[in-house]
Amino acid sequence: MARPTPEAIFEPFRSPDESHRPCQHSDCVEPGLYRAPKSRDQLTDYYLFCLEHVRDYNKAWDYFVGMSEDEIEAQRRVDTVWERPSWPLGADYGKAEEQARENLEREFGNGSAKAGPKSARQRGRDERALAVLDLKRPITFPEIKARYIELVKRLHPDANGADKAAEEQLKLVNEAYSTLKHSFVQ
């Protein structure tokens with residue numbers, strides 16, 4: 001299949017009298033079929049060029065010519081948000097997030113470490129998990145991990161000849177460790 005020419009691609013977008021205009025480059029008699037902006041301040045006003053001259057014009061076009069570094073940076077920042085206003089996330093956002101965390105804690109008793117003090121429900125889970133591992137407070141996470149590894153080695157099915165009681169105890173130990181792992185800062 002043959003590639004369409006630029007003239008064929010742009011044909012539906014041309015106004016009826018556009019094909020009769022000559023190229024605006026000096027001493028060119030070709031039809032001016034291609035538009036090129038006159039300046040960055042007049043982006044909707046165009047020169048009409050033939051294909052050869054519009055290519056030359058586009059190669060030499062520099063939107064930022066004549067602008068200082070500060071003006072260029074300001075233009076790039078405006079272009080980053082498509083010339084729409086944007087606002088930084090400020091102190092109000094932080095307050096709203098803090099309020100949302102407090103509401104979640106109050107409503108659902110979310111016991112995450114970042115949400116503030118633990119709920120009674122989470123404290124109860126932690127105490128039951130510590131009891132399964134046969135540990136008491138005060139305790140650190142490395143101590144919990146060491147006890148977990150010790151119990152896993154002792155209760156593993158390969159070490160117990162597939163003893164069902166040991167397998168059930170291992171499930172409880174895994175669940176307790178998972179609970180404590182999420183509660184303690186590592």
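Take the residues in region 147-186 that are polar (S, T, N, Q) and part of a helix (DSSP H, G or I); name whichever of them is farthest from ALA131 (Cα to Cα).
It comes out as ASN160.
Go through region 146-180 and give me each residue that's in contact (Cβ under 8 Å) with a residue 24 or more places away in the chain and not aromatic (Phe, Trp, Tyr).
Passing the criteria: LEU172, VAL173, GLU175, ALA176, THR179, LEU180.
Answer yes if at least one residue in region 109-121 is assigned to a helix (DSSP H, G or I), out of contact with any Phe, Trp or Tyr (no Cβ under 7 Å at 6 or more places or on another chain), of a type in the set (D, E, K, R) and at pLDDT 70 or above, and no otherwise.
Looking for residues that are assigned to a helix (DSSP H, G or I), out of contact with any Phe, Trp or Tyr (no Cβ under 7 Å at 6 or more places or on another chain), of a type in the set (D, E, K, R) and at pLDDT 70 or above, one finds at least one in region 109-121, hence yes.
Provide a single number: the residues in region 33-62 that are in contact with a Leu (Cβ under 9 Å, 6 or more places away or on another chain) and part of a loop (DSSP other than H, G, I, E, B). Let's see the steps before the verdict.
Looking only at region 33-62, we keep the residues that are in contact with a Leu (Cβ under 9 Å, 6 or more places away or on another chain), and these are 33-37, 48-51, 54.
Next cut, part of a loop (DSSP other than H, G, I, E, B) only: 33, 50.
Of the residues in that region, 2 qualify.
When you look at ARG76, is it charged (D, E, K, R) and in contact with a Leu (Cβ under 8 Å, 6 or more places away or on another chain), yes or no?
When the stated conditions are applied, ARG76 does not pass them.
Just to be sure before I move on: is ARG101 among the charged types (D, E, K, R), within 12 Å of LEU180 (Cβ to Cβ) and either modelled with pLDDT of 70 or more or not assigned by TED's automatic domain parsing to the domain that holds LEU180 (or both) in the structure I sent?
Against the criterion (among the charged types (D, E, K, R), within 12 Å of LEU180 (Cβ to Cβ) and either modelled with pLDDT of 70 or more or not assigned by TED's automatic domain parsing to the domain that holds LEU180 (or both)), ARG101 does not qualify.
Exactly one condition in (1) modelled with pLDDT of 85 or more; (2) closer than 29 Å to ALA100 by Cα is not met by LYS153; state its number.
Of the numbered conditions (1) modelled with pLDDT of 85 or more; (2) closer than 29 Å to ALA100 by Cα, the odd one out for LYS153 is (2).
The values are calculated or read from the model by the stated rules, or taken from the named source; none is laboratory data. Since this is a predicted model, take the numbers as computed values, not measurements. In this analysis, Cβ positions are derived from the backbone assuming ideal geometry, glycine residues included, and neighbour counts consider all displayed protein chains.
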